[in-house]
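Just so it is clear, none of the values below were taken in a lab; they were calculated from the coordinates. The model shown is predicted, which means the values in this text are computed figures rather than measured ones. Cβ: placed from backbone, ideal geometry, glycine included. Neighbour counts: every protein chain shown.
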Amino acid sequence: MAESASVKESKQYIVVELGNEHYGIDIQYIDNIVRMQRITRVPKAQHYFKGVINLRGEVIPVMSLRLKFDYEADEITGKSRILIIKPDAHSSVGIIVDEVKEVLTLENDMIDKEAKNANDERAAYLAGVGKNGDSLISILNIAGIFLEKEAEAAL
């Protein structure tokens, strides 16, 4: 048992770019990464839901992380992608990102669990900040992004 205590735990993250910020998404939640495609609008949806796409016969809602985080609207380029996220085993949600940068392995001691500021709604979307050399990567809390208000809206 003593030997396993010295083994550092690590996780892999997909690093994506939104504006000038880098965000890490735990790879266990990533189902697929697809190129931008036609998004069918849905009336009366939250402002950050762009609509739905048909991916191999499955209708998947697509949201803009930029709008969810109160950034400026998406600027779709050749590098823009839709990440298909599975927050749980029974649902899929697409998120639009400016660019997928890399897959990165971070050891748990390389991630600072940041103090939550109760006044900052976006703090609930972050699980911590990872250090990769000189750069910092905000680690997204997938459950915090998808499951709070969307769950209330569905009731």
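Before moving on, here are some points about what is shown:
- The amide H of LEU126, built 1.01 Å from its N in the peptide plane, has ASN141 as neighbours under 5 Å, considering only residues 5 or more places off or on other chains.
- Whole-Hz Karplus values for the stretch 17-23 come out as 10, 10, x, 9, 9, 10, 10 Hz, taken residue by residue from phi with 6.51 cos²θ - 1.76 cosθ + 1.60 and θ = phi - 60°; glycine and proline positions read x.
- The stretch 21-150, dipole about Cα centre (Lys/Arg Cβ +1, Asp/Glu Cβ -1), debye to the nearest 20: 680 debye
- Each residue of the stretch 89-95 is assigned a 3J(HN,Hα), and the resulting list reads 5, 10, 9, 10, 9, x, 10 Hz, derived from the Karplus form 6.51 cos²θ - 1.76 cosθ + 1.60 (θ = phi - 60°), x at Gly and Pro.
- Out-of-range pairs (alpha-carbon distance over 32 Å; input LYS8/LYS101; LYS68/LYS101; LYS11/LYS68): none
- Other residues with beta-carbon under 12 Å from the beta-carbon of ASN32 carry, at +1 per Lys or Arg and -1 per Asp or Glu, a net charge of +2.
- For GLN28 and ALA89, the difference between the fully extended length at 0.36 nm per residue and the C-alpha to C-alpha distance is 20.8 nm.
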